[in-house]
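To start, the structure itself, in structure tokens.
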Amino acid sequence: MSQIDHHQATGQRSPAFFSRFERTCRQALALAVFAAGAGLASAQAPSEQLPVYQKPAPEFDGILRVFGAGLKGLVKMWEEDYLKYNPNLKIADNPGGSDAAIGVLQHGIAEIAVFGRELELNDYLGFCENRAYYPTEITIASGGYDVSGSSWALMIFVNKENPLNQLTMKQLDGIFGAERTGGYNRMEFRTEVARSAQENIRTWGQLGLTGEWADKKIQTYGYAAGGMNHFFELEVFKGGDKWNENYRQCVENGTRILTPGNESAGVLAMLAYLEKDKYAIGWAGMPQWKQVPQITGIKILKLARNEGGPYVYPSKATLTDRSYPLTRSVYIYLDKEPGRPLSPKVKDFVEYVLSAQGQEIVRKHGVYFPLPAAVVMEQRAKLN
């Protein structure tokens with residue numbers, strides 16, 4: 001039985017910089033179509049089999065420099081398997097974490113930067129200041145489900161007495177967000193994603209609830225600043241960062257972020273608040289709910305990307321096929337100048353990760369989820 005079933009810029013830049021940046025950022029990346037070969041045995045249908053990694057001829061030697069998130073041992077498993085095909089190659093692996101990886105990449109200290117989160121504005125500003133183009137983002141696996149620290153999917157919780165069972169992404173924006181003049185796409189501020197205060201949703205009646213619920217104010221809860229908060233802003237607010245004025249911020253229990261003795265500001269306390277306040281709504285994840293099995297008075301809502309559905313529960317199945325709207329990802333970022341090829345060994349390693357063998361390693365590792373074939377092919381095309 002599943003858990004759900006069980007619980008139910010600072011600084012001025014010259015005009016020349018921006019001219020160069022605009023010119024290089026607009027160079028088109030050539031797209032190529034990859035044929036899917038006979039693959040390793042997997043859960044995918046034959047028509048969805050992934051490209052099989054082929055041992056290069058000649059084999060690579062020298063050093064491949066990898067820096068960033070270790071992804072709970074997944075990166076090491078990839079490296080060890082890859083070296084079986086390239087025994088003369090050495091991999092200098094420094095699992096220094098996502099937050100340091102972009103600086104290492106932009107200064108050429110590493111060729112591959114592994115991230116367990118999406119890049120933020122300052123990451124792009126720093127890289128583009130040095131390179132005048134964006135780093136290339138490669139999705140390498142879907143985020144986790146019920147393991148802490150695994151870029152887990154975000155889930156929307158309400159009190160069990162709440163008649164509501166589902167929401168759209170636009171409704172989530174109305175509940176948790178506020179009037180905005182735009183939002184960031186990487187480091188570009190886009191006014192086309194602006195919205196007015198009239199789109200705010202502040203009472204349960206605005207979501208169609210009647211009777212005692214109709215005029216009750218919605219109290220919102222969720223995470224404070226960090227990778228999960230940033231992902232919510234990207235996916236729900238379309239890059240905006242303006243929140244409901246009553247939004248109550250919470251932080252992760254068991255980390256240095258939460259000052260000892262201040263547990264009332266922790267996300268586990270937030271779940272307890274939701275159990276006591278039937279007019280509240282909040283977001284967290286299955287790893288947090290698993291830590292408080294005594295909290296049974298809350299439930300998870302289904303989500304849809306658009307009005308009319310489909311409305312989807314978060315589960316291992318819906319994270320695997322990425323149908324759940326708040327599925328997260330983990331990434332490799334590359335320094336690929338537009339119009340110039342990648343280093344052959346860098347390209348080959350990423351192609352291995354995005355192969356039948358590489359995605360089978362994700363499945364065996366068991367924390368993250370392999371990518372659907374269509375997503376794999378889309379990511380491989382970015383390497384050309």
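When 1/r is averaged over all different Cα pairs and the result inverted, which Kirkwood radius in Å belongs to the range 134-184?
About 14.7 Å for the range 134-184.
Positive end of the dipole of the chain, charges at C-beta (+1 Lys, Arg; -1 Asp, Glu), about the Cα centre: which of Val312, Gly227, Leu125 has its Cα farthest in that direction?
Leu125
Which of the three applies to the range 155-320, rounded, prolate or oblate, going by the alpha-carbon gyration tensor with a ≥ b ≥ c and a/c under 1.5 meaning rounded?
On the way: a/c = 1.44, a/b = 1.14, b/c = 1.27.
Because its axes are fairly even, with a/c under 1.5, the range 155-320 counts as rounded.
Longer than 22 Å from Cα to Cα, which of Lys170/Lys290; Lys72/Lys364; Lys216/Lys238; Lys238/Lys336 are they? Say none if no pair is.
Cα-Cα > 22 Å for Lys170/Lys290; Lys216/Lys238; Lys238/Lys336; rest within.
Taking 7 Å along the Cα-to-C-beta vector as the label spot, tell me the Ala317-Leu121 distance in nanometres, rounded to one decimal.
Simple spin-label model gives 4.1 nm for this pair.
Taking the Cβ of each residue in Lys160, Lys336, Lys170 as the centre, tally the other Cβ atoms inside 10 Å and list the residues starting with the fewest.
Fewest-to-most Cβ neighbours within 10 Å comes out as Lys160, Lys170, Lys336.
Which residues' amide hydrogens lie under 5 Å from the amide hydrogen of Gly266, considering only partners 5 or more residues apart or on another chain, with H built in the peptide plane?
Under 5 Å from the amide H of Gly266 lie the amide H atoms of Val251, each far enough along the sequence or on another chain.
Give, in nm to one decimal, the length gained when the segment between Asn306 and Lys217 is fully stretched (0.36 nm per residue of separation minus the Cα-Cα distance).
Difference between extended and current length: 29.6 nm.
Excluding residues on the same chain fewer than 8 positions from Lys299, give the aspartates and glutamates whose Cα lies under 18 Å from its Cα.
List returned: Asp5, Asp146, Glu161, Glu275, Asp277.
Evaluate the charge dipole of the range 155-320 about its Cα centre and quote only its size in Debye, nearest 20, assuming +1 on the Cβ of each Lys and Arg and -1 on the Cβ of each Asp and Glu.
280
At 7 Å along Cα-to-Cβ for each site, give me the label-to-label distance between Gln249 and Ala265 in nm.
In this crude label model, Gln249 to Ala265 measures out at 0.9 nm.
On a full-extension model of 0.36 nm per residue, what is the gain between Glu80 and Glu337, subtracting their alpha-carbon distance, rounded to one decimal in nm?
Result: 89.7 nm gained on full extension.
I'd like the Karplus ³J(HN,Hα) series for the range 283-295: coefficients 6.51, -1.76, 1.60, θ = phi - 60°, whole numbers in Hz, and an x wherever there's a Gly or Pro.
10, 7, x, 4, x, 6, 4, 5, 6, 10, x, 6, 8
Taking every DSSP beta bridge with both residues inside the range 155-320, roughly what % is antiparallel (nearest 5)? Each step should come with its number before you reach the end.
On the way: 14 of 24 bridges.
Antiparallel bridges: around 60 percent, rounded to the nearest 5.
What list do you get for Thr296, Thr168 if you sort them by fewest beta carbons within 10 Å?
Taking fewest neighbouring Cβ atoms as first place, the list is Thr296, Thr168.
How do Thr210, Thr136 line up, fewest other C-beta atoms within 10 Å first?
So the residues, fewest neighbours to most, are Thr210, Thr136.
Does the range 173-232 come out rounded, prolate or oblate by the C-alpha gyration tensor, with a ≥ b ≥ c the root eigenvalues, rounded set by a/c under 1.5 and, if not, prolate when a/b is larger than b/c and oblate if not?
oblate
FYI, it's all coordinate maths here, none of it is from the lab. These numbers come from a predicted model, not from an experiment. Neighbour counts are summed over all protein chains in view; Cβ atoms, including those assigned to glycine, are modelled from backbone coordinates with ideal geometry.
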